Amino acid sequence: MSTDNLSSSVIFPLGEKVESPNFSGAVWMNMLTPRDSACPVGNVTFEPGCINSWHTHAGGQVLLATGGRGYYQEWGKPARELHAGDVVEIPQGAKHWHGAATDSWFVHLFILVNPEIGLTTWLEPVSHEEYSLLK
Ligand code: MN
């Protein structure tokens, strides 16, 4: 892959390419603490145009944007554009998605909080029509 406009955003190694129906394109995941840690932390890198499906985290999640341009959207609310340095605190059980803008890579760290309450539940994909309206 080309990383020309990505290399300055890379702080943590990309990790493994993830093949999952819960992402609309190519994504790389690097768990920085174990998945069964008391506080799972990972780095996620989305190729341009790649987003995840609607989902919930029973215990909540925090996103720390570190590079590129992307979006976070909570069900029923407008999408929020994200850049390096932005922080998103996702409430327990809130239905949401996150990922890259159509024309940019996007990199964020995630912290799964209160993982003892429960983990991630994957739901339906974001409608292409809705995503394509974002600039
Ligand atoms: Mn999430």
TODO: Scan (1) within 16 Å of the ligand (Cβ to nearest atom); (2) surrounded by fewer than 16 Cβ atoms within 10 Å (Cβ to Cβ) for the single condition SER37 breaks and write down its number.
DONE: (1)
Task: Selection within segment 76-90 - more than 12 Å from the ligand (Cβ to nearest atom), without any contact (Cβ under 8 Å) to a residue 60 or more places away in the chain and not acidic (Asp, Glu) - done: GLY76, LYS77, PRO78, ALA79, ARG80, LEU82, HIS83, GLY85, VAL87
Task: Test: GLU19 is under 22 Å from LEU134 (Cβ atoms) and either away from the ligand (no atom under 13 Å from the Cβ) or in contact (Cβ under 8 Å) with a residue 12 or more places away in the chain (or both) - done: no
TODO: For HIS83, indicate whether it is within 19 Å of VAL27 (Cβ to Cβ), modelled with pLDDT under 95 and surrounded by fewer than 18 Cβ atoms within 10 Å (Cβ to Cβ).
DONE: no
Open item on the list: With the requirement that a residue be within 11 Å of the ligand (Cβ to nearest atom) and either part of a loop (DSSP other than H, G, I, E, B) or within 14 Å of VAL27 (Cβ to Cβ) (or both), what does segment 93-112 give you?
Closed with: ALA94, LYS95, TRP97, HIS98, GLY99, HIS108, PHE110
- [ ] Filter segment 47-69 down to the residues that are within 12 Å of the ligand (Cβ to nearest atom) and part of a strand (DSSP E or B), then identify the one that is surrounded by the fewest Cβ atoms within 10 Å (Cβ to Cβ).
- [x] VAL62
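The values are calculated or read from the model by the stated rules, or taken from the named source; none is laboratory data. These numbers were taken from a predicted model, which means no experiment stands behind them. Note that we place each Cβ from the backbone using ideal geometry, even for glycine, and neighbour counts take in every protein chain shown.
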